[in-house]
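The values are calculated or read from the model by the stated rules, or taken from the named source; none is laboratory data. On a predicted model such as this, the values are computed, not experimentally measured, just so you know. Cβ atoms come from the backbone with ideal geometry, glycine included; neighbour counts cover every protein chain shown.
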Amino acid sequence: MAVRIRLSRGGSKKRPFYRIVVADARAPRDGRFIERIGSYNPMLPQDHANRLVVDEEKVKEWLSKGALPTERLAKLFANLGLVAKPVINAQPKKSAPKAKAMERLKEKEEKAKAAAEAANAEASAE
């Protein structure tokens, strides 16, 4: 059974409140869970004490049993020092430069390289 540590949404419309739960990966997001281990209220300021309330002992216990946190919880747990900080790709493929833009960049680099070589040739000839 694949076990995940994830957020279960509560609260009203446009006022989110999340419970941090340990659940089977196949269970619905707000459905059945094994254990509740904390809460997360993104509406509070970042330095507020009740923004993230977690039972660290239970988190460590579930992580040792092989439960995997979601990406959002991995970031939050990394701030608490419970897990290693996840690697996040800064530039997704969707926003990467397209073929024509890459061609223009290559042309610009070649022109700059040629200009630098010409400057070096003039400096060495003098």
Check: Which pairs have Cβ atoms under 7 Å, sit 6 or more apart or on different chains, and link a residue in segment 49-68 that is under 15 Å from Ala23 (Cβ atoms) to one that is among the aliphatic types (A, V, I, L, M) and not in a strand (DSSP E or B)?
Finding: Val59/Leu82; Leu63/Val83
Note to self: Please go through segment 80-106 and give me each residue that is outside any loop (DSSP other than H, G, I, E, B) and free of Cβ contacts under 8 Å to residues at least 12 places away in the same chain, ordered by number.
What the structure shows: Lys93, Lys94, Ser95, Ala99, Lys100, Ala101, Met102, Glu103, Arg104, Leu105, Lys106
Note to self: Which numbered condition in (1) part of a loop (DSSP other than H, G, I, E, B); (2) touching a residue at least 12 places away in the same chain (Cβ under 8 Å) is the only one that Gln46 fails?
What the structure shows: (2)
Next item on the list: Determine whether Arg4 is among the basic types (Lys, Arg), at pLDDT 90 or above, assigned to a strand (DSSP E or B) and under 21 Å from Lys85 (Cβ atoms).
Entry: yes
Note to self: Suppose we filter segment 59-112 for residues that are of a type in the set (A, V, I, L, M) and out of contact with any strand residue (DSSP E or B) (no Cβ under 9 Å at 6 or more places or on another chain); how many remain?
What the structure shows: 11
Item checked: Options Arg36, Arg19; residue that is in contact (Cβ under 8 Å) with a residue 12 or more places away in the chain, of a type in the set (Lys, Arg), over 24 Å from Ile88 (Cβ atoms) and surrounded by 16 or more Cβ atoms within 10 Å (Cβ to Cβ) -> Arg19
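Table: residues versus (1) modelled with pLDDT under 90; (2) among the aliphatic types (A, V, I, L, M); (3) assigned by TED's automatic domain parsing to the domain that holds Val22.
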site	(1), (2), (3)
Leu63	no, yes, yes
Lys75	no, no, yes
Pro97	yes, no, no
Lys108	no, no, no
Lys113	no, no, no
Checklist line | Residue check for Lys113: surrounded by 10 or more Cβ atoms within 10 Å (Cβ to Cβ), more than 22 Å from the chain's Cα centre (by Cα), touching a residue at least 12 places away in the same chain (Cβ under 8 Å) and not in a loop (DSSP other than H, G, I, E, B) | finding: no
Checklist line | Subset tally (residues that are within 27 Å of Arg36 (Cα to Cα), over 11 Å from the mean Cα position of the chain (by Cα) and surrounded by 10 or more Cβ atoms within 10 Å (Cβ to Cβ)) for segment 64-110 | finding: 8
Next item on the list: Tally the residues that are of a type in the set (Val, Ile, Thr) and assigned to a loop (DSSP other than H, G, I, E, B), restricting the search to segment 7-43.
Entry: 1
